[in-house]
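Asks: Okay, handing you the structure first.
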Amino acid sequence: MDLIRGAGDLRGRTDAAREAGGSVGLVPTMGALHGGHRSLIERARREHSTVVVSIFVNPRQFADPADLEAYPRDERRDLEACEELGVDLVWAPSTEQMFPPGVDLPAPSPGPVGRRYEGESRPGHFEGVLSVVHRLFAVTGRCAAYFGEKDAQQLFLVRRMVELEDLPVEVVACPTIREPDGLAMSSRNERLSGDEREQAGCLFLALGEAAGLARVGERDPRVLVAAMAREIGATPLARLDYAAVVDDRTFEPTDRLGPGVAARALVAARFPSARLIDNLRLPPPT
Ligand code: AMP
C-alpha cells in the first residue's frame with residue numbers, strides 16, 4: 001500500500017492502473033475509519049483491481065469551526081486499517097493539494113435540495129461536500145466511487161452532480177452499518193458520553209417506528225413524522241433537529257405514502273456532545 005500526498009502523483013497511479021487494463025474503486029472518507037467505512041472498502045476491494053481510499057477532513061463542509069476542530073483524526077490507525085483491508089493507494093492530501101490556492105475549482109451547486117434538512121442545519125455544507133467530491137473525481141479519473149446510504153442526502157446530491165455533469169464515475173450506494181442497538185456507525189459516536197451513547201439508539205428506534213407504520217399501511221407521512229419526533233422528544237439527552245419523510249427519487253418531502261412511492265424517513269438529533277443523523281428506506285405496506 002502506498003501513501004500519496006500529491007494530486008498529480010495520485011493521477012499518475014490511477015492512469016497507470018487503467019492503462020494496464022485495471023479498474024479503480026474510490027472510497028472517499030474523512031478518516032477515523034470505522035465499520036461503515038470498512039464495508040465500503042471491502043466492497044471496492046471485491047469489485048476493482050485498484051482501490052483508492054481518500055482521507056481528508058474537508059474544512060469547507062463544516063459550518064461550525066468547533067465541530068471541525070473536534071472532528072477525530074488518527075492517520076496512523078487509519079493507515080493500519082487500510083493496509084489490513086488490502087487498499088492499494090491512500091490519498092491523504094494537504095488542504096493546499098486538495099484546494100490549490102489561487103485556482104478557481106468548479107463549485108457545483110447543490111440546488112434547492114441542498115438547502116433542506118442537513119443543508120438547512122449546516123449552511124454551506126453541501127456546497128463544501130460537492131466541491132471536494134468533484135475535485136476527488138477530477139483527480140482520480142474514471143472510477144467507481146463508494147458512498148454510504150448513512151448520508152442519504154449527500155448520496156443523492158453526488159449522484160445528481162455526476163448525472164448532470166456526465167462525469168466518468170459510477171456511484172455505488174452501500175447499506176448503513178449499525179451497532180447492535182441499531183445506532184448507525186459514525187466517527188461522531190466517539191464523542192458521546194456513556195449516557196448519551198445509551199440513549200443514541202433513539203434515532204434508529206424512531207426510524208423503526210416510522211417503518212412499522214408504513215408497513216401496516218399508514219399513508220400519511222405526517223403520522224410517521226409525529227411518531228419519530230415523539231420518540232426522540234422522549235429521550236432526555238436528545239433534542240430533535242428534524243424528522244421528515246422524502247420521496248427517495250427526488251429528495252422532496254412527500255405528502256402521501258403507498259404503492260409506487262419510494263419513501264425514505266430521515267432524522268437528525270443533537271446530543272450535548274455530538275449531532276447525529278440517520279435514515280431508513282420505508283417498506284411498502286404488507
Ligand atoms: P465520512 O468519513 O463520515 O465522510 O464517511 C465516508 C463515507 O462512509 C460516506 O460515503 C459515508 O456515507 C460512509 N459511511 C459513514 N458511516 C457509515 C455507516 N455507518 N455505514 C455505511 N457507510 C457509512
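The values are calculated or read from the model by the stated rules, or taken from the named source; none is laboratory data. Nothing here was measured: the structure is a model prediction, and the numbers come from that model. Reconstructed Cβ throughout: ideal geometry from the backbone, glycine too, with neighbour counts over all protein chains shown. Quick note on the areas: whole protein, heavy atoms, side chains included, nothing else; ligands and nucleic acids left out. Shrake-Rupley method; radii C 1.70, N 1.55, O 1.52, S 1.80 Å.
Asks: Kindly provide the helix-only [θ] at 222 nm of the chain, computed as the sum of -39,500 (n - 2.57) over DSSP H runs of four or more divided by all residues, to the nearest 500 deg cm²/dmol? Can you show the working numbers first?
Replies: Values: 11 runs with 113 residues, N = 286.
Mean residue ellipticity, 222 nm, calculated: -11500 deg cm²/dmol.
Asks: Further, regarding this structure: How large is the dipole of segment 160-259 about the Cα centre if only Lys and Arg carry +1 and Asp and Glu carry -1, each at its Cβ, rounded to the nearest 20 debye? Don't jump to the answer; show the numbers that get you there.
Replies: Working: 12 positive and 19 negative charges, 64 e Å.
My answer is approximately 300 debye.
Asks: Another question, then. What is the chain by shape, rounded, prolate or oblate, if you read a ≥ b ≥ c off the alpha carbon gyration tensor as root eigenvalues and call it rounded for a/c under 1.5, prolate for a/b larger than b/c, and oblate otherwise?
Replies: Working: a/c = 1.80, a/b = 1.58, b/c = 1.14.
Prolate is the answer for the chain, as a/c is 1.5 or above and a/b outweighs b/c.
Asks: May I pose another question? Set the Förster radius R0 to 51 Å, insert the Cβ-Cβ distance between GLU75 and ARG219 as r into 1/(1 + (r/R0)^6), and round the FRET efficiency to 0.05. Please list the in-between numbers first.
Replies: Numbers: r = 49 Å, r/R0 = 0.96.
Efficiency at R0 = 51 Å is approximately 0.55.
Asks: Using a 1.4 Å probe, what is the accessible area per residue for segment 107-254, in Å²?
Replies: Per-residue value: 44 Å².
Asks: At 7 Å along Cα-to-Cβ for each site, give me the label-to-label distance between SER23 and LEU164 in nm.
Replies: The answer from the label model is 2.7 nm.
Asks: Then there is this: Only four residue types carry charge here, +1 at the Cβ of Lys and Arg and -1 at the Cβ of Asp and Glu. Report the dipole size of segment 34-114 about the Cα centre in Debye, rounded to the nearest 20. Walk me through the numbers before you get to the answer.
Replies: Values: 8 positive and 14 negative charges, 52 e Å.
Charge dipole, segment 34-114, about its Cα centre: 240 debye, nearest 20.
Asks: On a 0 to 90 degree scale, rounded to 10, what angle separates helix 35-47 from the longest Cα axis of the chain?
Replies: Value to nearest ten degrees: 50.
Asks: Which percent of the accessible heavy-atom area of the chain goes to carbon and sulfur, probe 1.4 angstrom? Write down the numbers at each step before the final one.
Replies: Numbers: 6440 of 12970 Å².
The nonpolar share, carbon plus sulfur, comes to 50 percent.
Asks: For ARG13, what is the net charge nearby, where nearby means another residue's Cβ is under 14 Å from its Cβ and Lys, Arg count +1, Asp, Glu -1? List each step's numbers first, then the result.
Replies: Numbers: positive: ARG5, ARG11, ARG18, ARG142; negative: ASP2, ASP9, ASP15, GLU19, ASP88.
Residues near ARG13 contribute -1 overall.
Asks: Any idea what the dipole of the chain comes to, in debye rounded to 20, about its Cα centre with Lys/Arg Cβ at +1 and Asp/Glu Cβ at -1? Kindly include the intermediate steps, with their values, before the conclusion.
Replies: Details: 35 positive and 43 negative charges, 91 e Å.
With Lys and Arg at +1 and Asp and Glu at -1, about 440 debye.
Asks: Which order do PHE251, PHE156, PHE204 take by accessible area at a 1.4 Å probe, largest first?
Replies: Numbers: PHE251 5, PHE156 35, PHE204 65 Å².
These residues rank, largest area first, as PHE204, PHE156, PHE251.
Asks: Here's something else I'd like to know. Which one of ALA144, THR29, PHE99 is farthest out on the positive end of the charge dipole of the chain, using unit charges on Cβ (Lys, Arg +1; Asp, Glu -1) and the Cα centre as origin?
Replies: In the chain, that residue is ALA144.
Asks: In terms of the Cα gyration tensor, with a ≥ b ≥ c the square roots of its eigenvalues, is segment 227-286 rounded because a/c is under 1.5, prolate because a/b exceeds b/c, or oblate? List each step's numbers first, then the result.
Replies: Numbers: a/c = 2.97, a/b = 2.15, b/c = 1.38.
The shape class here is prolate.
Asks: Using Cα atoms only, what is the angle between the long axis of helix 152-165 and the major principal axis of the chain, expressed in degrees (0 to 90) to the nearest 10?
Replies: 50 degrees
Asks: Taking a cut-off of 13 Å, what percent of all Cα-Cα pairs in segment 47-107 are separated by more than that? Don't jump to the answer; show the numbers that get you there.
Replies: Working: 1293 of 1830 pairs.
Percent of Cα pairs beyond 13 Å in segment 47-107: 71.
Asks: Would you mind checking the tilt of helix 75-84 against the longest principal axis of the Cα atoms of the chain, expressed as 0 to 90 degrees and rounded to 10?
Replies: So the helix axis and the longest Cα principal axis differ by about 80 degrees.
Asks: Calculate the radius of gyration of the Cα atoms of segment 22-135 to one decimal place, then report Dmax, the largest Cα-Cα distance, as a whole number, both in Å.
Replies: For segment 22-135, the Cα-based Rg and Dmax read 15.1, 42 Å.
Asks: Would you work out if segment 30-79 is rounded, prolate or oblate? Take a ≥ b ≥ c from the square roots of the eigenvalues of the alpha-carbon gyration tensor; rounded if a/c is under 1.5, else prolate when a/b is larger than b/c, oblate otherwise.
Replies: Numbers: a/c = 2.72, a/b = 2.22, b/c = 1.22.
Prolate shape, in that a/c is at least 1.5 and a/b is the bigger ratio.
Asks: If you don't mind, another one. Within segment 1-105, which trypsin sites (Lys or Arg not before Pro) sit in a loop by DSSP and count at most 15 neighbouring Cβ atoms inside 10 Å?
Replies: Counting only loop positions with at most 15 other Cβ atoms within 10 Å, the trypsin sites (Lys or Arg not before Pro) in segment 1-105 are ARG5, ARG73.
Asks: Another one. Distance between the C-alpha centers of segment 89-120 and segment 245-266? Whole Å please.
Replies: 28 Å
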